[in-house]
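Engineer: Have a look at this one before I ask anything.
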Amino acid sequence: MTTKMNDIDVLKSLDRDHVWHHLTPGAAARNGLPMFVRGEGLRLWDSEGVEYLDASAGGVWVTNVGYGRTEIADAVREQLAELNFFAGSMGNKPAAAFAKKLLDKMPGMDRVYYSNSGSEANEKAFKMVRQIAHKHFAGKKHKILYRERDYHGTTLAALSATGQAERRDQFGPFVPGFIEVPHCCEYRSQYGDSDNYGVQAAEAIEEVILREGADTVGAIILEPITAGGGIILPPEGYWPKVREICDKYEVLLIIDEVVCGLGRTGQWFGYQHYGIQPDIVTMAKGVASGYAAISCTVTTERVFALLQEEEGDHLGYFRDISTFGGCLAGPAAALANIEIMERENLIENSRIQGERLLAGFNALKEKHSVIGDVRGKGLFAGIELVADRETKEPVHESVAIAVAGACKSLGVIIGRTNRSLSGFNNILNFSPALTASSEQIDRIIAVVDQAIGEVCSG
Ligand SMILES: Cc1ncc(COP(=O)(O)O)c(C=O)c1O
């Protein structure tokens, strides 16, 4: 029996009875989950015909060019009709064309290694570091540092490199050789009031390198701006100092642009705000805005050269594979996606509308004492809710849940980060598609204002 795709009640009961949903408590799923069935721009419609404005880019920072882009769907369809798949030491047209387009946005970066998800892109980076350690440092320089509050993915090595205890609970033991460094959230500074916080937070990394032994540390992975861990912007002076430390100890700098990449922060890549040059950059989500699964691990020519075979070492090339990586719907979608971003100046729109969003939220801070901190860059923003501004005591996570729920009832979908440094899930996050208009940004601000007023009055 085939199910008619327009029989929504049947489909909802099939979903309830047969689909195991990501990160969803059983109790929620047992009652049956709502379904979104259509999208256009930032607008979404559920199966009951109710319309929403999506300020979360598909829930998890993905739909950078918005919903309903038939141009991307057509590019994928045409590619699949012409050739859907062939892997194994052969090139393909969209992967070549997209690699060139992408590298044009990333001066100093030279090679694109394709895979299918953010976690996988990070796994590839880790495997590169480990193989470089074996080939060039007798296996010694194999440790990989990661930062408290950063998230790098769901697979076991990526989770071993994740600084969010609540994500790791119940999945150990972890992969050896991943070492945590302290966070860099100035709002919750470890050093009290400091006018040199950024440099201090970076020097904390140097302390870990020296403690572990610089000859054992191969790389550090960092988000340019921490996403799910609390929308944490790097403090002044942090990034240049991090780069300096990496150079001093020959530590490769891996920047995880899975969320920030492709315009989210008002630059093509988050690291480009800070004038630094990475060795490896990973990206996924916005690469094809959700029209196909694709991720990339982008390296310098130097990293590429370190993983080439040599005489007497015929297996010394990067011995890794991903069946679907770079084949073929992914790069076809990514190419059409990046062409839209260029044509519609979406990086500039992200910057301009991001400033409008932040200004609006900062104005709300004057009005609602529950807003402890407003942080963001481009169309990537967070509001930290506190019970007391002086002590920065967080609100209970039920408050953030209620505010997000009230926004949804008022027709705007917003996000919440994972449990934050304060120990509670008290941060609201916002990442509308990069096409957002001034009217849509104003609506988001107005709805957040109303929702906080409703939930927190009295
Ligand atoms: C910064 C960051 N890196 C990596 C990932 C993992 O990406 P994926 O879920 O595509 O494996 C995520 C997912 O949210 C992320 O936020």
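Engineer: Can you find a residue in region 24-44 that is in contact (Cβ under 8 Å) with a residue 60 or more places away in the chain and of a type outside the set (A, V, I, L, M)?
Structural biologist: Yes; the residues of region 24-44 include at least one that is in contact (Cβ under 8 Å) with a residue 60 or more places away in the chain and of a type outside the set (A, V, I, L, M).
Engineer: Does region 4-20 contain any residue that is surrounded by fewer than 10 Cβ atoms within 10 Å (Cβ to Cβ) and within 28 Å of the chain's Cα centre (by Cα)?
Structural biologist: yes
Engineer: Another question about this same structure. Could you say which residue among Ile209, Ile179 is more than 16 Å from the ligand (Cβ to nearest atom) and more than 22 Å from the chain's Cα centre (by Cα)? Walk me through it before giving the result.
Structural biologist: Values: Ile179 fails: more than 22 Å from the chain's Cα centre (by Cα).
Criteria check complete, one pass: Ile209.
Engineer: From Gly213, Gly177, Gly198, Gly192, which residue is open to solvent by 10 Å² or more (accessible area, probe 1.4 Å), free of Cβ contacts under 8 Å to residues at least 60 places away in the same chain and farther than 26 Å from Lys124 by Cβ? Explain how you work it out, then say what you get.
Structural biologist: On the way: Gly213 fails: farther than 26 Å from Lys124 by Cβ; Gly177 fails: farther than 26 Å from Lys124 by Cβ; Gly198 fails: open to solvent by 10 Å² or more (accessible area, probe 1.4 Å).
Going through Gly213, Gly177, Gly198, Gly192 in turn, the sole match is Gly192.
Engineer: For the list (1) surrounded by 23 or more Cβ atoms within 10 Å (Cβ to Cβ); (2) within 19 Å of the chain's Cα centre (by Cα), I need the number of the one condition that His273 fails.
Structural biologist: If we test His273 against (1) surrounded by 23 or more Cβ atoms within 10 Å (Cβ to Cβ); (2) within 19 Å of the chain's Cα centre (by Cα), just (1) comes out false.
Engineer: Residue by residue through region 97-130, note down the ones that are open to solvent by 40 Å² or more (accessible area, probe 1.4 Å) and touching a Leu at 6+ places or on another chain (Cβ under 7 Å).
Structural biologist: Ala97, Lys101, Asp110, listed by residue number.
Condition check ((1) in contact with a Ser or Thr (Cβ under 9 Å, 6 or more places away or on another chain); (2) open to solvent by less than 20 Å² (accessible area, probe 1.4 Å); (3) hydroxyl-bearing (Ser, Thr, Tyr)) across all residues:
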site	(1), (2), (3)
His368	no, no, no
Val386	yes, yes, no
Thr391	no, no, yes
Ile401	no, no, no
Lys408	no, no, no
Phe424	no, no, no
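Engineer: Same structure, new question: Quick one: would you say Ala446 is more than 25 Å from Glu40 (Cα to Cα) and assigned to a helix (DSSP H, G or I)?
Structural biologist: Numbers: more than 25 Å from Glu40 (Cα to Cα): no; assigned to a helix (DSSP H, G or I): yes.
So Ala446 fails the test.
Engineer: Then there is this: Among the residues of region 37-53, write down those that are surrounded by 13 or more Cβ atoms within 10 Å (Cβ to Cβ) and in a strand (DSSP E or B).
Structural biologist: Initially, region 37-53 is screened for residues surrounded by 13 or more Cβ atoms within 10 Å (Cβ to Cβ), giving 37-39, 41-47, 52-53.
Across region 37-53, the qualifying residues are Val37, Arg38, Gly39, Gly41, Arg43, Leu44, Trp45, Asp46, Tyr52, Leu53.
Engineer: Keeping to region 250-275, report how many residues are free of Cβ contacts under 8 Å to residues at least 40 places away in the same chain and within 16 Å of the ligand (Cβ to nearest atom).
Structural biologist: Our first condition is that a residue be free of Cβ contacts under 8 Å to residues at least 40 places away in the same chain; within region 250-275, this holds for 253, 255, 257, 261, 272, 275.
Keeping just the survivors that are within 16 Å of the ligand (Cβ to nearest atom) gives 253, 255, 257, 261.
The number of residues fulfilling the criteria is 4.
Listed here are the residues, each with its yes/no results for (1) in contact with an Asp or Glu (Cβ under 7 Å, 6 or more places away or on another chain); (2) away from the ligand (no atom under 16 Å from the Cβ); (3) assigned to a helix (DSSP H, G or I).
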| site | (1), (2), (3) |
| --- | --- |
| Ala293 | no, no, no |
| Val303 | yes, yes, yes |
| Phe324 | no, no, no |
| Gly330 | no, no, yes |
| Asn337 | no, no, yes |
| Arg351 | no, yes, yes |
| Leu358 | no, yes, yes |
| Val374 | no, yes, no |
| Glu384 | yes, yes, no |
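Engineer: For region 72-166, give me every one of the helices (runs of 4 or more DSSP H) that falls completely inside it and has 3 or more residues that are away from the ligand (no atom under 16 Å from the Cβ) and in contact with a Phe, Trp or Tyr (Cβ under 8 Å, 6 or more places away or on another chain). Before the answer, list the steps.
Structural biologist: On the way: elements: 93-104, 118-136, 156-160.
Correct list: empty, since no element meets the threshold.
Engineer: Residue check, Thr226 against (1) touching a residue at least 24 places away in the same chain (Cβ under 8 Å); (2) surrounded by fewer than 24 Cβ atoms within 10 Å (Cβ to Cβ); (3) among the polar types (S, T, N, Q), all met but one. Which one?
Structural biologist: Thr226 satisfies every listed condition except (2).
The values are calculated or read from the model by the stated rules, or taken from the named source; none is laboratory data. Note that the coordinates shown come from a computational prediction; the quantities given were computed from them, not determined experimentally. Note that we place each Cβ from the backbone using ideal geometry, even for glycine, and neighbour counts take in every protein chain shown. Please note that ligands, DNA and RNA were not included when accessible areas were found on the heavy atoms of the full protein model with its side chains. Shrake-Rupley method; radii C 1.70, N 1.55, O 1.52, S 1.80 Å.
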